[in-house]
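What follows draws every value from the coordinates through simple rules; no lab data is involved. Since this is a predicted model, take the numbers as computed values, not measurements. Cβ: placed from backbone, ideal geometry, glycine included. Neighbour counts: every protein chain shown.
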Amino acid sequence: MDTNYHIEDGCIYFNYKFNKPLDNYTHVMKNCTQIIFLNYDDYTSYNETENKYNYKYHYNYKYNKFNCPLENSLVHQTQLPQLVFGTMFNQPLDNLTLLEQLTFGD
């Protein structure tokens, strides 16, 4: 089992340590409507914090390490209205015309 991500209710949560190209994950992302790179050590904290630092969850807060080029890994994500990056993301964004919400970490 791959512990780099968790899928629930059409959302894929990548853990804070994840820092690999997304090309090998397109098959698991294809039906997701949200892709979130967590700044917390568990995906349940996202619902309470929206991935922003919150003192109440201080011990669970981690800096997300994802900073790989997206290249064409999201081109076929036709059902993706929301993309949430973690703290360290600093790459060009191309081919993301269908997004309704794009969020960057703290």
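A few comments on the model shown:
- Exposure proxy ranking, count of Cβ atoms within 10 Å, fewest first, for H27, H6: H27, H6
- DSSP beta bridge pairing in the chain, given as percent antiparallel to the nearest 5: 35
- In this label model, L102 and K52 are separated by 2.0 nm, measuring between points 7 Å along each Cα→Cβ vector.
- Taking the helices alone, the chain has a mean residue ellipticity at 222 nm of -2000 deg cm²/dmol, built from -39,500 (n - 2.57) per DSSP H run of at least 4 residues and averaged over all its residues.
- Rg over Rh [alpha-carbon atoms, Kirkwood Rh] for the stretch 21-62: 1.08
- Highest mobility in the GNM of the chain, judged by mean-square fluctuation with C-alpha springs under 10 Å and restricted to L93, L74, L38, is found for L93.
- Note on the stretch 43-106: with charges restricted to the Cβ of Lys and Arg (+1) and Asp and Glu (-1), its dipole about the Cα centre is near 280 debye.
- Cα centroid of the stretch 79-105 to Cα centroid of the stretch 35-53, whole Å: 15
- Semi-axes of the equivalent ellipsoid for the chain, computed as √(5λ) from the eigenvalues of its C-alpha gyration tensor and ordered from largest down, come to 21, 14, 13 Å.
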